[in-house]
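Here's the structure we're looking at; comments come further down.
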Amino acid sequence: MNKQTYKIEMLNITKRFGTLTANDHVTLQVYPQEIHAILGENGAGKSTLMSILFGLYVPDEGEIKIDGSKVDIHNPNDANALNIGMVHQHFKLVETFSVLDNIILGVEDTGRFNRINYAHAKEKLIKIIDAYHLNLDLDTRIKDLTVGQQQRVEILKMLYRDADILIFDEPTAVLTPQEIEELMNIMRNFVKEGKTIILITHKLNEIKAVANRVTILRRGQQVGVHDVSKVSTQDMADLMVGRNVSFEVDKKSVQATEKVFEVKELTVLKGTQEVIKKLSLDVYKGEIVGIAGIDGNGQTECVYALTGMLPVKEGQVILNGEDITKDSIRTRYEKGISHIPEDRQKYGVVLDFDLQSNLMIQEYYKHEFQNKNFLKKDKIKTHADALIEQFDIRSEQGATTTVRSMSGGNQQKAIVAREMSKTHDLMIAVQPTRGLDVGAIEYIHGQLLKTRETNKGVLLFSLELDEIMKLSDRILVMYEGEIVGSFNPKTTTQQELGLYMSGAKRGHV
Amino acid sequence: MKTQLKKVFELAKPSFIAIAIGLLMGFLVMLAFNPLQSVPAFLQLIAGGLNQGSSGIGNTLYGAAPIILTGLAVAFAFKTGLFNIGASGQMMMGAYVSLHIGVLWNLPAGIHVIVALLGGIFGGMVWGLVIGLLKALRNVNEVVTSIMMNYIAANLLIILIRSNIYNADAARSSAILPTAILPSLGLFPNSTANIGFGIAVVIAILSHVIIHRTTLGFELRATGFSRDAALYAGMNTKKNITTSFAIAGGFAGLAGSVAYLVSGKTISIAYTIFVEGFDGISVALLGLGEPIGALFAGLFLSHLRQGGFYMQIYGFVPQVVDIIISVIIYVSAISAVLPKLFKRFKKKKDEVAS
């Protein structure tokens with residue numbers, strides 16, 4: 001194989017959106033049969049670059065070469081014709097269709113009277129499945145598959161369309177450690193069979209594990225291309241962020257002796273289905289309890305039940321020794337619960353309110369903010385200004401900025417500021433760093449640890465095992481609405497947790 | 001102050017553009033039918049009642065009062081994210097209760113009219129409450145219930161009039177007692193202008209204050225923008241929805257009182273749905289969903305109607321005004337959506353960019 005000719009070349013690509021330059025003369029060169037990682041924070045321009053390669057955008061400047069010859073890619077059909085395929089971060093599948101239906105959707109081979117020729121498609125797919133050990137039943141409906149399996153459907157979709165340049169956009173975000181391992185094996189197989197892979201990610205250890213080379217992007221610019229074997233994860237992280245990043249959190253030891261929160265045999269219904277089954281847990285003062293689990297195993301419903309947004313069928317929720325099972329959402333807040341919600345834009349803030357309103361949205365009825373039912377505008381403003389200063393919330397017009405116009409990181413900072421600043425004994429934080437960049441993640445982790453140090457309890461729900469491992473004093477694994485294991489983060493491994501998260505192992509807690 | 005005025009103008013710009021386009025379309029229609037008379041007739045239309053002495057202005061104010069109030073009924077619910085197209089039904093019930101009290105109850109002067117007004121509010125409130133409760137407790141789409149409640153009100157109105165306050169000779173409701181007649185505004189002799197307009201202004205200002213300055217308004221707006229976020233914040237969204245619809249219904253009911261607590265005004269027992277309720281939607285839309293906006297939009301619509309009335313001198317039917325109003329509503333509905341579409345488009349672009 002001639003290593004000198006690149007499979008893919010994107011030369012001096014520039015793409016502007018209004019005043020924002022998403023890609024600033026970015027060059028990407030990928031060898032054939034290579035796993036090439038693209039590393040960068042949110043907003044660094046990874047997705048834009050790949051969207052250009054996949055034909056979703058046309059670049060303002062620069063050119064693209066495939067196999068050494070210049071090509072014009074104006075839409076995804078052009079990309080398909082050049083055998084470029086992409087697995088998007090959010091799967092694009094029809095839930096009620098079978099695997100087979102989803103794969104052939106759009107490229108159906110039809111016979112007379114537009115009847116679909118399934119047999120032909122099936123034959124081809126079974127060959128592919130066997131060749132790459134994808135292990136997938138073609139007749140199952142998508143909604144009955146795990147997320148990992150759904151991802152394989154997406155991969156199969158690319159292969160069915162004869163793609164030999166495969167783009168993976170953050171493919172591991174939704175997978176368990178075991179599934180990630182499987183996916184990496186699949187990727188290695190692809191390369192062996194002659195395919196070329198571009199892997200978009202911000203996870204350094206994955207790059208270390210599977211990629212040959214890495215291109216690092218920062219704020220729209222390419223800041224380096226490296227052989228993965230010759231660069232350390234620390235160096236990659238520093239390049240990605242543009243400054244020295246510390247992976248270690250400074251965790252002071254706190255003596256956890258007094259119970260602040262307890263859940264006893266909680267059962268919650270969604271429709272008629274029990275999504276939480278006799279779940280029990282407790283949180284001590286000065287302790288972070290991490291709840292690990294794959295998305296959709298009842299975490300959302302559990303949080304809703306604990307905060308009063310969903311009714312409890314059976315069981316008890318106890319805060320500071322007091323039963324709050326039947327209390328309203330507001331009463332729970334008043335008794336000392338803070339809640340950083342999972343979906344910050346849906347629940348956490350009213351996007352069309354200004355920042356100052358959002359910062360007092362749970363407390364507007366208190367004397368601090370109203371007098372005889374009239375809002376005290378000046379008090380609301382000073383309260384907001386204080387929080388903006390203290391928590392370093394950045395926005396264009398300060399307290400009166402409409403929250404919709406703020407960045408995701410600053411929206412989250414605003415929520416954290418509000419939840420941290422009000423009197424509370426228990427902080428329920430759900431996916432607090434989802435979609436945030438490294439700086440914001442560091443910040444939020446610091447705030448959670450601060451909460452712990454001020455002798456409050458923290459209940460942390462997260463899909464990111466790294467986060468759970470790093471912050472927790474105790475890890476509980478949730479599977480199908482139950483706690484199936486309790487672990488000490490100092491002695492457990494991600495692999496062990498993964499076995500419990502996927503239901504392969506379970507214990508009684 | 002100057003920047004604030006600029007801001008208001010910036011907000012109201014779509015409405016002004018819509019009005020301009022609507023007038024232009026109306027003029028074109030008039031031009032097509034009678035080119036010779038179209039210019040003076042159009043000028044009369046724009047002048048409304050302003051060049052017709054005190055009676056012209058007075059009648060404009062009289063006509064504005066009920067549609068400002070139904071406009072407020074729509075705008076107020078809209079602030080809670082609800083579309084109240086049931087203002088007609090609420091207004092009919094308000095009108096009936098007011099007439100019922102006005103005809104049958106024997107109360108001293110001064111008190112009688114106040115009780116009749118309160119009765120109107122009550123009637124509309126009950127009607128709005130039903131919609132609000134169904135929405136809050138069973139999540140029944142308020143648009144559907146609003147329409148149904150309009151039909152129920154239209155039929156119930158006939159039944160109630162026939163069995164309680166029927167004047168069989170005229171096939172209409174009986175005349176109200178003099179003590180129940182709303183006092184005249186006094187400023188414009190020879191016109192029907194009564195204190196109804198004053199009431200509408202007060203209610204508009206009151207709505208503005210409730211929505212923008214009080215904790216109740218804060219809750220209603222939060223619920224309107226995002227029911228989920230309001231729920232998370234610990235607000236009782238069900239209560240807010242119900243309250244909002246009850247208040248909106250009360251405003252529409254008051255529109256009924258203001259329109260019918262008038263000397264010589266009665267309701268026919270022919271089946272009809274009060275058109276003021278639908279005018280309210282136009283008023284609210286043109287007023288950008290804001291109470292103060294509704295006040296001006298209601299005045300403007302009434303002004304045009306008045307102009308249409310005087311325009312008949314030039315041989316045009318006043319229905320031209322309806323065409324103009326329809327076009328204005330179309331354009332303002334589109335211009336209300338367009339910036340949002342642009343924004344969404346832009347946002348999508350930004351999202352992919354990141």
(Q) Suppose we filter the range A:54-85 for residues that are under 27 Å from A:Ala209 (Cα atoms) and within 13 Å of chain B (Cβ to nearest Cβ); how many remain? (A) 1
Q: Output the residues belonging to the range A:201-227 that are buried (at least 19 other Cβ atoms within 10 Å of the Cβ) and aliphatic (A, V, I, L, M).
A: A:Leu204, A:Ile207, A:Val210, A:Ala211, A:Val214, A:Ile216, A:Leu217
**Q.** Among the residues listed as A:Thr27, A:Thr14, A:Thr21, the single one being outside any loop (DSSP other than H, G, I, E, B), surrounded by fewer than 17 Cβ atoms within 10 Å (Cβ to Cβ), within 14 Å of chain B (Cβ to nearest Cβ) and over 22 Å from the mean Cα position of the chain (by Cα)
**A.** A:Thr14
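This table checks each residue for (1) modelled with pLDDT of 90 or more; (2) outside the structural domain of A:Val268 (by TED's automatic domain parsing); (3) part of a helix (DSSP H, G or I).
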| residue | (1), (2), (3) |
| --- | --- |
| A:Ala399 | yes, no, yes |
| A:Val416 | yes, no, yes |
| A:Leu436 | no, no, no |
| A:Ala440 | no, no, yes |
| A:Tyr443 | no, no, yes |
| A:Val477 | yes, no, no |
Q) In the range A:129-146, which residues are in contact (Cβ under 8 Å) with a residue 24 or more places away in the chain and surrounded by fewer than 16 Cβ atoms within 10 Å (Cβ to Cβ)? A) A:Ala131, A:His133, A:Asp137, A:Asp139, A:Thr140, A:Arg141, A:Lys143
**Q.** Enumeration of residues in the range B:209-229 that are crowded, with 24+ Cβ neighbours inside 10 Å and at the interface with chain A (Cβ under 7 Å from one of its Cβ atoms)
**A.** B:Phe218, B:Ala222, B:Ala229
Q) Within the group A:Ile84, A:Ile142, which residue is modelled with pLDDT of 85 or more and farther than 18 Å from A:Ile200 by Cβ? A) A:Ile142
Q.
Let me confirm something: among A:Ala429, A:Ala384, which residue is crowded, with 23+ Cβ neighbours inside 10 Å, part of a helix (DSSP H, G or I) and at pLDDT 95 or above?
A. A:Ala384
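Residues are listed down the side, and each one gets a yes or a no for (1) under 24 Å from A:Tyr304 (Cα atoms); (2) β-branched (Val, Ile, Thr):
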{"site": "A:Phe461", "(1), (2)": "yes, no"}
{"site": "A:Arg474", "(1), (2)": "yes, no"}
{"site": "A:Val477", "(1), (2)": "yes, yes"}
{"site": "A:Thr491", "(1), (2)": "no, yes"}
{"site": "A:Tyr500", "(1), (2)": "yes, no"}
{"site": "A:Ala504", "(1), (2)": "no, no"}
{"site": "A:Gly507", "(1), (2)": "no, no"}
(Q) Could you check the range A:310-365 and list, in sequence order, the residues that are free of Cβ contacts under 8 Å to residues at least 24 places away in the same chain, facing another protein chain (nearest Cβ under 10 Å), among the hydroxyl-bearing types (Ser, Thr, Tyr) and under 21 Å from A:Val283 (Cβ atoms)? (A) A:Thr331
Q.
Quick check on the range A:246-276: of everything there that is under 26 Å from the mean Cα position of the chain (by Cα) and surrounded by fewer than 16 Cβ atoms within 10 Å (Cβ to Cβ), which residue is nearest to A:Arg452 (Cα to Cα)?
A. A:Lys251
(Q) Residues that are touching a Lys or Arg at 6+ places or on another chain (Cβ under 7 Å), outside any loop (DSSP other than H, G, I, E, B) and within 21 Å of A:Glu419 (Cα to Cα): does the range A:255-270 have at least one? (A) yes
Q) Checking B:Asp169 against (1) in contact with a helix residue (DSSP H, G or I) (Cβ under 8 Å, 6 or more places away or on another chain); (2) charged (D, E, K, R); (3) assigned to a loop (DSSP other than H, G, I, E, B), which test does it fail? A) (1)
Q) Just checking, how many residues over the range B:242-257 are more than 14 Å from chain A (Cβ to nearest Cβ) and either surrounded by fewer than 24 Cβ atoms within 10 Å (Cβ to Cβ) or at pLDDT below 95 (or both)? A) 2
Q. Given the structure, is A:Ile393 surrounded by 15 or more Cβ atoms within 10 Å (Cβ to Cβ), modelled with pLDDT under 95, more than 10 Å from chain B (Cβ to nearest Cβ) and more than 25 Å from A:Arg452 (Cβ to Cβ)?
A. no
Q. Can you tell me which residues in the range A:396-405 are surrounded by fewer than 22 Cβ atoms within 10 Å (Cβ to Cβ) and under 23 Å from the mean Cα position of the chain (by Cα)?
A. A:Arg404, A:Ser405
Q) From A:Gly148, A:Gly194, which residue is on the phi > 0 side of the Ramachandran plot and either assigned by TED's automatic domain parsing to the domain that holds A:Asn77 or in a helix (DSSP H, G or I) (or both)? A) A:Gly194
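The values are calculated or read from the model by the stated rules, or taken from the named source; none is laboratory data. Just so it is clear, the model here is predicted, and its values are computed rather than measured. Positions of Cβ are generated from backbone atoms using ideal geometry, with glycine treated the same way; all protein chains shown enter the neighbour counts.
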